[in-house]
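See structure below.
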């Protein structure tokens with residue numbers, strides 16, 4: 001069986017989650033690899049969430065928020081941008097490839113953009129292979 | 001292991017209920033909900049659930065102030081460690097500081113397939129591929145991005161420690177895929193992951209052929225010295241950098257190399273793991289005294305009476321922890337010293353954090369320079385320290 005990456009997606013309630021919803025109601029075809037967790041703002045996504053996802057067996061983490069300037073809470077997504085810089089350092093030290101974590105922006109009207117980001121990320125992570133190479137690692141569905 | 005076994009193993013039943021532990025406990029002084037005596041009593045009276053589901057179970061700093069005074073020699077920190085292991089089996093894990101980022105990192109490192117790139121800070125340090133001596137870096141590269149904003153640079157401690165080794169004519173090995181020593185996981189009850197980390201480290205060290213391991217982090221040192229032998233076999237001499245330096249003060253010409261630095265008056269914070277855990281009080285003091293022009297003044301509580309920096313294992317860090325730090329910083333300020341020297345990166349992080357956090361209320365009352373002993377020595381060696 002070919003490798004199907006498990007990607008955890010943190011989507012903000014106001015833009016990206018609506019964008020994903022739009023993609024669904026418009027019946028756009030989209031890779032099924034992203035497990036979506038709705039958060040109120042991409043600014044809610046702490047580095048801890050991302051490490052925890054990898055710790056529990058994710059192969060990639062996708063964080064989606066409102067476009068810069070569009071944040072429902074004015075500047076939540078700017079905070080996310082700043083956090084990502086810190087996070088990237090730690091990820092690279094741990095040997096987690098940069099393509100496994102992606103921060104991007106999807107507005108409520110961009111169902112097609114959501115689909116293209118998910119498809120693109122799924123392919124990139126598929127190319128990298130599973131993050132869990134250990135056979136004895138506990139599996140978390 | 002059930003509660004009865006823990007009581008037997010740690011000889012908790014010798015408890016006289018005298019309460020010296022609670023009287024001397026730095027946490028109890030501020031947090032009236034926490035009392036070592038009460039915890040022990042609960043265990044002895046069989047109130048198992050009350051004990052393991054008490055959120056204060058994770059408040060103990062394992063600073064050993066209690067056990068030093070205990071007339072019955074009850075090892076309260078080890079009792080706590082084992083009860084926490086019991087509690088973690090039932091989903092208790094204390095309140096992780098930094099949302100558990102650091103704990104997640106440690107758990108990620110316990111995977112055997114992780115390939116870290118953790119050594120890109122080594123510039124200016126001489127290391128070698130093959131050497132008798134291994135320098136155990138510890139978690140500094142991971143702490144660096146987290147604590148940069150409170151002006152603590154853990155990798156500089158590592159860098160300066162290697163520079164000191166270089167000055168002693170040692171070009172140590174460093175492991176490119178070194179794992180966390182597991183101290184924090186062991187003390188928050190995650191013995192399973194701790195074992196994995198210990199095994200991975202032991203295997204890598206065995207393969208490296210090192211005969212001697214030097215630490216700059218007291219937690220790593222304690223863990224290797226006291227905890228690892230219970231789980232893994234490791235046939236190496238272990239040393240803290242202050243011990244190595246103190247030894248060489250006499251034999252080498254290091255003393256002659258030390259020059260007058262900019263600081264005049266310093267005071268020294270004994271890290272619990274180095275002091276009460278391992279009994280190393282004198283080497284750091286000998287080193288400080290050996291630097292010409294520096295005067296060492298002691299705080300009201302020093303040596304085996306010294307007070308912990310307020311948080312351990314990144315767990316239950318709260319306003320009480322900050323109160324402990326403020327108290328300690330006030331003591332340090334009262335000595336008239338310009339610099340608070342310590343030999344543990346976490347002490348430095350915790351004190352700096354209190355200064356930033358409490359700056360509105362306390363401001364310059366607690367503001368003071370905190371420096372690792374490795375940085376102090378590297379400065380004295382010719383001002384090429386990484387700061």
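A few points about this structure:
- FRET efficiency for the pair residue A:127 and residue B:49, taken as 1/(1 + (r/R0)^6) with r the Cβ-Cβ distance and R0 = 60 Å, rounds to 0.75.
- Helix A:76-93 axis versus longest C-alpha principal axis of chain A: approximately 10°, rounded to the nearest ten.
- Translational diffusion of the stretch B:3-88 was estimated from the Stokes-Einstein equation, with Rh taken as the Kirkwood radius over Cα pairs; at 4 °C and 1.567 mPa s the coefficient is 104 µm²/s.
- On Cα atoms only, tilt of B:319-334 relative to the major axis of chain B in degrees: 40 degrees
- Highest average packing first - A:89-96, A:62-69, Cβ atoms within 10 Å: A:62-69, A:89-96
- Expressed per residue, the C-alpha convex hull volume of the protein assembly as shown stands at 164 Å³.
- Between the stretch B:287-340 and the stretch B:11-40, the alpha-carbon center distance in angstrom: 23 Å
- Shape of chain B from the C-alpha gyration tensor: oblate (a/c of 1.5 or more and a/b not above b/c, with a ≥ b ≥ c the square roots of its eigenvalues).
- Averaged over residues, the count of other Cβ atoms within 10 Å places the peptides B:294-304, A:104-114 in the sequence A:104-114, B:294-304, highest first.
- Where a label projected 7 Å from the Cα of residue A:3 along Cα→Cβ would reach, residues of the stretch A:107-133 with amide N under 16 Å: A:121-133
- Label-to-label distance, nm, for residues given as residue A:109 and residue B:361 (7 Å Cα→Cβ offset): 5.0 nm
- Over chain B: helical MRE at 222 nm, DSSP H runs n ≥ 4 each giving -39500 (n - 2.57), nearest 500: -12500 deg cm²/dmol
- Ordering B:371, B:39 by the number of other Cβ atoms within 10 Å of each residue's own Cβ, fewest first, gives B:371, B:39.
- Using a Förster distance of 30 Å, the FRET efficiency for residue B:295-residue B:98 (Cβ separation, nearest 0.05): 0.25
- For the stretch A:15-141, the gyration tensor built on C-alpha atoms gives an oblate shape. Its axis ratio a/c (a ≥ b ≥ c) is at least 1.5, and a/b is not larger than b/c.
- Within 10 Å of each Cβ in B:134-142, the average number of Cβ atoms from other chains: 1
- Per residue of A:93-105, other chain Cβ atoms within 10 Å of the residue Cβ number 3 on average.
- Rounded if a/c under 1.5, otherwise prolate or oblate - the stretch A:1-79, Cα gyration tensor axes: oblate
- Taking 7 Å steps out from each Cα toward its Cβ at residue B:338 and residue A:72 produces label points 5.4 nm apart.
- Spatially, the stretch B:141-156 and the stretch B:65-120 are offset by 21 Å when compared through their Cα centroids.
- Ordered by the count of other Cβ atoms within 10 Å of each Cβ, fewest first, B:109, A:28, B:355 give A:28, B:355, B:109.
- Short to long, the 10 Å bins of the Cα pair-distance histogram for the stretch B:130-258 hold 12, 41, 33, 12, 1 percent of all pairs.
- Under 12 Å from the residue B:304 label point (7 Å along Cα→beta-carbon), backbone N, the stretch B:45-69: B:65-69
- Relative packing of peptides B:274-284, B:339-349, A:118-128 - highest average C-beta neighbours within 10 Å first: B:339-349, B:274-284, A:118-128
- Between 0 and 90°, nearest 10: helix B:76-88 axis offset from chain B longest Cα axis: 70 degrees
- Per-residue average of Cβ from other chains inside 10 Å of B:146-155: 1
Read the figures in this text as sums done on the coordinates, not as results from a lab. None of these values were measured; they are calculated from a predicted model. Positions of Cβ are backbone-derived with ideal geometry, glycine not excepted, and every protein chain shown enters the neighbour counts.
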